[in-house]
1. Residues being open to solvent by 20 Å² or more (accessible area, probe 1.4 Å) and within 16 Å of the ligand (Cβ to nearest atom): count how many of those fall in segment 247-261.
2. For the list (1) more than 9 Å from the ligand (Cβ to nearest atom); (2) open to solvent by 10 Å² or more (accessible area, probe 1.4 Å), I need the number of the one condition that Gly272 fails.
3. Of the residues Val305, Val312, Val291, which single one is within 9 Å of the ligand (Cβ to nearest atom) and among the β-branched types (Val, Ile, Thr)?
4. Using the structure shown, decide if Ala231 is touching a Leu at 6+ places or on another chain (Cβ under 9 Å), in the same structural domain as Ala407 (by TED's automatic domain parsing) and either of a type in the set (Lys, Arg) or crowded, with 18+ Cβ neighbours inside 10 Å (or both).
5. Residue under question is Ala186, and the condition is that it be within 30 Å of Val232 (Cα to Cα), at pLDDT below 95 and not charged (D, E, K, R); does it hold?
Amino acid sequence: MTGRRSVSDDPRSIAYDVLTAVSRDDAYANLVLPKLLRERGVSGRDAAFATELAYGASRARGTLDAIIASVAGRPVTGLDQPVADVLRLGAYQVLYTRVPAHAAVGTAVSLVRRAAGHRPAGFVNAVMRKIAARPLDAWLHKLTPADEVGALALKYAHPEWIVSAFRDALGGDKELPALLAADNTAPAVHLCARPGLIGRDELAAATGGRPGALSPYAVILPGGAPGDVAAVAGGRAHVQDEGSQVVALRLAEAPLDGPDARWLDLCAGPGGKAALLGSLAALRDARLDAVEVSAHRARLVEKAVAGLPVTVHEADGRTFGADGTYDRVLVDAPCTGLGALRRRPEARWRREPSDVPELAALQRSLLASAVRLTRPGGLIGYVTCSPHLDETRAIAEAAEGVEAAEAPVQLWPHRDGTDAMYLALLRRVA
Ligand SMILES: C[S@@+](CC[C@H](N)C(=O)[O-])C[C@H]1O[C@@H](n2cnc3c(N)ncnc32)[C@H](O)[C@@H]1O
């Protein structure tokens, strides 16, 4: 069927509305975009183009802002929100896509007219024409600072403090470009074939996916919507990054002397690891308690673990439970999420360096509580989806009453194809 497109279902308008929701309402691009596409009945190539523009411009914001500011002669934060977002979207189109410059300039002018009236149209037109006069490489060359971190931050569109944190965690510069590039690439969807409920090969055959290299339960999908997979709809598999599977499995499978029937997930929402641990618990005559402080997320855990030997508690993990009563305890701590930036296009620009010490204090308390709840000889898996050393090594090494049970694990998107998950496997000493 052919039909005339209205203004609101044009991919560029949708992308602009996503950028507006992100900058004005602190929304998440990956939640707003699918909703807008559904509401406006946009699919196929138009949906793919709207996605590329919305996610691409959100990811590249710092670099786009540097270029816009150099042309406008003032910081983008000093521009009105509609002008700033129209310019980001326009600059993204001319510098990162094959959209012809005249089309991108024309769209930017009509978008800003609709969003903010005629007054800023001349300014937007002039800035866009100047941006379109050079390719991206030339802009990067012109604006690149002398220092290595600043240069990588501009080229790969990451804040400098995050580039520095990655360099520290990698122990050098060598792999930084590959890591930063991996952050700018949308990840494949991974499924977890729930142990005892469906075989990994059966799930791979049913989905056209391939087995993961790191988790015996992982299937990497070639594309498509995981909600369409019958095993996911039927609760025999769930969507879960292979790295998340690996860290949960390392805790569940580490050798343990003595009883092994009481397991705990101290930070369970939305329930991915609780579902995997719960499936394993069912096969090993164990039970899992899953604790989550947020009511909404506790409900998500309940849904995720339906039918498994899991009890969900809506509670604060810092004060939960009786001392020394668990054999295996997972602390999948709230963190900056710097290891999963490829999943949330705008997240890198929203996080602040000051988030790290704030979260580190919570991480320390939750880990101390996990140690308190674990019996002597029992195991604790301290996990983050951030590789920031202040959230990983510093927290694990400062924990009291434990010793290392195995060498820590740090996964990386560019090496392992997973989120940058960290695991310290600790044993409670008497
Ligand atoms: C990284 S997420 C856990 C992800 C989860 N394990 C999974 O695999 O789906 C951290 C969770 O800890 C919860 N949380 C934060 N503070 C908490 C606290 N004091 N006690 C228990 N849960 C907490 C957050 O609401 C969030 O759902």
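The values are calculated or read from the model by the stated rules, or taken from the named source; none is laboratory data. Since the model is a prediction, treat every value here as computed from it, not as a measurement. Heads up, the Cβs are rebuilt from the backbone with ideal geometry, glycines too, and the neighbour counts pull from every protein chain shown. SASA here: full protein model, heavy atoms, side chains in, ligands and nucleic acids out. Shrake-Rupley method; radii C 1.70, N 1.55, O 1.52, S 1.80 Å.
1. Within segment 247-261, residues that are open to solvent by 20 Å² or more (accessible area, probe 1.4 Å) and within 16 Å of the ligand (Cβ to nearest atom) number 1.
2. (1)
3. Working: Val305 fails: within 9 Å of the ligand (Cβ to nearest atom); Val312 fails: within 9 Å of the ligand (Cβ to nearest atom).
Matching residue, one of Val305, Val312, Val291: Val291.
4. no
5. Yes, satisfied.
Residue-wise test of (1) over 30 Å from Pro222 (Cβ atoms); (2) open to solvent by less than 40 Å² (accessible area, probe 1.4 Å); (3) of a type in the set (Gly, Ala, Ser).
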{"residue": "Leu341", "(1), (2), (3)": "no, yes, no"}
{"residue": "Ala360", "(1), (2), (3)": "yes, yes, yes"}
{"residue": "Arg375", "(1), (2), (3)": "yes, yes, no"}
{"residue": "Thr384", "(1), (2), (3)": "no, yes, no"}
{"residue": "Val402", "(1), (2), (3)": "yes, yes, no"}
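Condition check ((1) open to solvent by less than 30 Å² (accessible area, probe 1.4 Å); (2) among the acidic types (Asp, Glu)) across all residues:
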{"residue": "Glu148", "(1), (2)": "no, yes"}
{"residue": "Ala151", "(1), (2)": "yes, no"}
{"residue": "Tyr156", "(1), (2)": "no, no"}
{"residue": "Ala181", "(1), (2)": "no, no"}
{"residue": "Asn184", "(1), (2)": "no, no"}
{"residue": "Arg194", "(1), (2)": "yes, no"}
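The rows are residues; the columns are (1) within 15 Å of Leu425 (Cβ to Cβ); (2) outside the structural domain of Leu411 (by TED's automatic domain parsing); (3) open to solvent by less than 20 Å² (accessible area, probe 1.4 Å).
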| site | (1), (2), (3) |
| --- | --- |
| Trp263 | yes, no, yes |
| Leu277 | yes, no, yes |
| Arg284 | no, no, no |
| Ala290 | no, no, yes |
| Arg299 | no, no, no |
| Ala304 | no, no, no |
| Gly307 | no, no, no |
